Amino acid sequence: MYDAREWNPQGLGGFEQVIKQEGAFGLDDKVPGFAQIGKVRTEGALITLPYCWFSPIDTWDNPSLCAVDTYDASGDLLKFRSRAYNRPDLVPIAKAIEYAQRRDYPAVLSYCASGEVARRMVRDLPPFVFAGDLRVTRTGNGMESVALGDTPAYRFDVKLRAGRWLVVAFSAD
């Protein structure tokens, strides 16, 4: 967990939280096909904070998805600059599953290429999905097919559109 606070000498004084980022570690942080990303860097104008989190695409007791957030501390105010992922192709699947389990159609839609795909995910995904087995197959330039689980198996097609990965197809076997 990263918790950064800024001293405010005004009035009684105090610390104002400027960064709060939670993460997770598993039994073994070496997940095949999911390299960790970034290194903690807190010196200089740019601060980088790497972290991982548990998601529905995990295959064991290890968080697979990781990110690194970069903050700019060059001015008077700390500013968020960017976030990079170790597997940006799988983030929309994990996020769409997470929101579909909550039946949050607008949130699912933000990770899908169409309303039809988002509605199908909200309707067909159960309250708990665990990848177990994860198979990623490249199907073309900027296109992948991803299968999760044994039985039932869930299949997702993702496509890179305008620099962003989106779920373009979903089916439950």
Residue that is over 30 Å from Ile19 (Cα atoms) and within 16 Å of the chain's Cα centre (by Cα), where the choices are Val91, Val129: Val129
Single unsatisfied condition, Ser110 versus (1) small (Gly, Ala, Ser); (2) touching a helix residue (DSSP H, G or I) at 6+ places or on another chain (Cβ under 7 Å); (3) assigned by TED's automatic domain parsing to the domain that holds Val167: (2)
Selected residue (criterion: farthest from Cys112 (Cα to Cα)) from residues of region 128-165 that are surrounded by 14 or more Cβ atoms within 10 Å (Cβ to Cβ) and among the aromatic types (Phe, Trp, Tyr): Tyr154
Residue tally, condition surrounded by 11 or more Cβ atoms within 10 Å (Cβ to Cβ), assigned to a loop (DSSP other than H, G, I, E, B) and among the polar types (S, T, N, Q), over region 1-25: 0
Qualifying residue in region 64-77 (condition: part of a helix (DSSP H, G or I), closer than 21 Å to Phe130 by Cβ and out of contact with any His (no Cβ under 9 Å at 6 or more places or on another chain)): no
Residue within region 112-129 that is at pLDDT below 90 and not hydrophobic (A, V, I, L, M, F, W, C) present: yes
Residue check, Lys39 out of contact with any Phe, Trp or Tyr (no Cβ under 9 Å at 6 or more places or on another chain), at pLDDT below 85 and charged (D, E, K, R): no
Identity of the residue in region 60-77, within 13 Å of Val91 (Cβ to Cβ) and small (Gly, Ala, Ser), that ends up surrounded by the most Cβ atoms within 10 Å (Cβ to Cβ): Ser64
Close pairs (9 angstrom Cβ cut-off, 6 or more residues apart or separate chains): closer than 11 Å to Tyr85 by Cβ and modelled with pLDDT of 90 or more in region 57-69, in a loop (DSSP other than H, G, I, E, B) and among the hydrophobic types (A, V, I, L, M, F, W, C) anywhere: Leu65/Phe54; Leu65/Ile57; Leu65/Leu90; Cys66/Ala35; Cys66/Ile37; Ala67/Ile37; Val68/Ile37
Condition check for Ile37: over 30 Å from Leu148 (Cβ atoms), outside the structural domain of Arg102 (by TED's automatic domain parsing) and touching a residue at least 40 places away in the same chain (Cβ under 8 Å): no
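The values are calculated or read from the model by the stated rules, or taken from the named source; none is laboratory data. Model, not experiment: these values are computed from the prediction. Glycine gets a Cβ as well: all are built from the backbone with ideal geometry, and neighbour counts include every protein chain shown.
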